[in-house]
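A.B. asks: Got a structure for you, written out below as C-alpha cells; questions coming shortly.
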C-alpha cells in the first residue's frame, strides 16, 4: 500500500516525486510504486520498470542517487557517474532480489531542486482537488 494511501491511483513517476517532497525515497518505495499500479505484472517486468523509472528520474535531473551513510544517517550522493550508480543499483536489486533486507534500503533517491519544481505542482493539484467545493 502506498504511503499516501492512494496505491495505484497515480503513475509511479508521480508517486515517487510526491514522496520525494516529504523525504528521501528508498529503492523499496520506488519498487512498491510500480507494483501498486501493476499488481499483476510479472516480477521481471516490475523490476525492469523500477530500474527504468530510476533511470528516467535521474537522467532528467529530478533525483540524485545515494545512500544514508552521512553523519546522523544523512543522505550522501554517490560519487560516481549516473551510469555507474544505475549499474550498482541494478546489481543489488536484481542479483540480490531474494534478500529484500539487502536491496530495499540499498540506495535512496534525493529530490533535486529541479525535481521539486516538477513535484510541487502535482501536490498542489492534489490539494486543490481534495478541497471541498463551496
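A.B. asks: Please give the FRET efficiency for residue 23 paired with residue 102, using the beta carbon to beta carbon distance and R0 = 22 Å, rounded to the nearest 0.05. Let's see the in-between values first.
C.D. replies: Numbers: r = 21 Å, r/R0 = 0.96.
Approximately 0.55, to the nearest 0.05.
A.B. asks: If you don't mind, another one. Return a whole-number percent for the relative contact order of the chain, with Cα pairs under 8 Å and 6 or more residues apart as the contact set.
C.D. replies: Contact order relative to length: 32 percent.
A.B. asks: Can you pull the three principal axis extents for the Cα set of the chain, in Å, largest first?
C.D. replies: 53, 36, 27
A.B. asks: In degrees, nearest 10, range 0 to 90: what is the angle between the Cα axis of helix 27-37 and the longest Cα principal axis of the chain?
C.D. replies: Result, in degrees: 50.
A.B. asks: Label point 7 Å out from residue 84 along Cα-to-Cβ: which residues of the stretch 102-126 have amide N under 12 Å?
C.D. replies: Flagged as within label range: none.
A.B. asks: Give me the angle, in degrees from 0 to 90, between the Cα long axis of helix 43-59 and the longest principal axis of the Cα atoms of the chain, rounded to the nearest 10.
C.D. replies: Rounded to the nearest ten degrees, it is 80.
A.B. asks: Using Cα centres only, tell me the gap between the stretch 82-119 and the stretch 22-70 in whole Å.
C.D. replies: 6
A.B. asks: Show me 109-118, 64-73, 23-32 ranked by packing, highest mean number of other Cβ atoms within 10 Å first.
C.D. replies: Descending packing order for the listed peptides: 23-32, 109-118, 64-73.
Throughout, read-outs are computed from the coordinates displayed, never taken from laboratory work. Bear in mind that the values here come from a model prediction, so they are computed numbers and not experimental data. FYI the Cβ positions are ideal-geometry reconstructions off the backbone, even for glycines, and counts take in every protein chain you see.
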